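The values are calculated or read from the model by the stated rules, or taken from the named source; none is laboratory data. None of the values given here were measured: they were computed from a predicted structure. Note: ideal-geometry Cβ built from the backbone for every residue, glycine included; neighbour counts use all protein chains shown. These accessible areas exclude ligands, DNA and RNA; they are computed on the full protein's heavy atoms, side chains included. Shrake-Rupley method; radii C 1.70, N 1.55, O 1.52, S 1.80 Å.
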Amino acid sequence: MDKNTRILVGEVSVGILLFTMAAMLVALVVYPEKSVFAGLLLGMVIAFLMFLSMAQVLERSMRTGEPAAVQRRTIISAVIRYLILIVILAVVLVYWREQVNVIALVIGVFGLKVGAYIQPVLHRFLNRRKNAG
C-alpha cells in the first residue's frame, strides 16, 4: 500500500475503534452482558478485516486501469465479503449463541460505516495536531 492508503486505513481503523469503545460504554450501562461485549469485539475485528480487504482490492484494481476489470473485481470481492459475513453470522447463531450476541456483532460491523463517515473529521483533526506540534 502506498503512504496515502496507509494513512486512510489508519484513520478509518481509529474510527472503527472509537465507535466500538462508545458502543461498549453504552452496553456497559444498558445491557452489561459478556455476550454483548464479545459480539462487539468480534464485529470490530470483522469490520477491520472487511476494510483491509476493500482497501487492497481497490488499490489492486486501480493499478489495472481497465474500467471493466475494476468494476468486476470490486463487485466480486464485495459479494465474497458479504457471503463470508453471512457465514460467520450463521455459525455464531448455530454454535455460539450463548457466548456471542448476534445483534451486538452486527452493531460492531457497523463500525466500518461509522469509521468511514468520521474519517474526514479524524483526518483534519490529526493533520491540525501534526501541523501545530
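Looking only at residues in segment 89-133 that are open to solvent by 50 Å² or more (accessible area, probe 1.4 Å) and not in a helix (DSSP H, G or I), which one is modelled with the lowest pLDDT?
Gly133
Residue check, Ala69 against (1) touching a Ser or Thr at 6+ places or on another chain (Cβ under 8 Å); (2) under 20 Å from Val102 (Cα atoms), all met but one. Which one?
(2)
Do any residues in segment 108-133 that are without any contact (Cβ under 8 Å) to a residue 24 or more places away in the chain have Cβ atoms under 9 Å from those of residues that are of a type in the set (A, V, I, L, M) and open to solvent by less than 50 Å² (accessible area, probe 1.4 Å), where the two are at least six apart or on different chains, and which pairs are they?
That search, which allows pairs on different chains as well, returns Lys113/Ala47.
Being at pLDDT 95 or above, assigned to a helix (DSSP H, G or I), within 21 Å of Ser13 (Cβ to Cβ) and open to solvent by less than 30 Å² (accessible area, probe 1.4 Å) is the requirement here; does Ala55 meet it?
Working: at pLDDT 95 or above: no; assigned to a helix (DSSP H, G or I): yes; within 21 Å of Ser13 (Cβ to Cβ): yes; open to solvent by less than 30 Å² (accessible area, probe 1.4 Å): yes.
Answer is no for this residue.
Is it true that Thr74 is polar (S, T, N, Q), in contact with a Gly (Cβ under 7 Å, 6 or more places away or on another chain), assigned to a helix (DSSP H, G or I) and closer than 25 Å to His123 by Cβ? Spell out the reasoning first.
Details: polar (S, T, N, Q): yes; in contact with a Gly (Cβ under 7 Å, 6 or more places away or on another chain): no; assigned to a helix (DSSP H, G or I): yes; closer than 25 Å to His123 by Cβ: yes.
No; evaluated as a whole, the condition is false for this residue.
Can you tell me which residues in segment 42-101 are of a type in the set (Asp, Glu) and without any contact (Cβ under 8 Å) to a residue 40 or more places away in the chain? Spell out the reasoning first.
We begin by selecting, within segment 42-101, every residue of a type in the set (Asp, Glu); these are 59, 66, 98.
Correct list: Glu66 only.
Using the structure shown, decide if Met21 is within 15 Å of the chain's Cα centre (by Cα), loosely packed, with under 14 Cβ neighbours inside 10 Å and closer than 19 Å to Gln119 by Cβ. Give the steps one after another, and end with the answer.
Numbers: within 15 Å of the chain's Cα centre (by Cα): yes; loosely packed, with under 14 Cβ neighbours inside 10 Å: yes; closer than 19 Å to Gln119 by Cβ: yes.
So Met21 passes the test.
Results for (1) crowded, with 16+ Cβ neighbours inside 10 Å; (2) acidic (Asp, Glu), shown as yes or no for each residue.
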site: Leu25; (1), (2): no, no
site: Val30; (1), (2): no, no
site: Leu41; (1), (2): yes, no
site: Phe51; (1), (2): yes, no
site: Glu59; (1), (2): no, yes
site: Ile75; (1), (2): no, no
site: Val79; (1), (2): no, no
site: Ile86; (1), (2): no, no
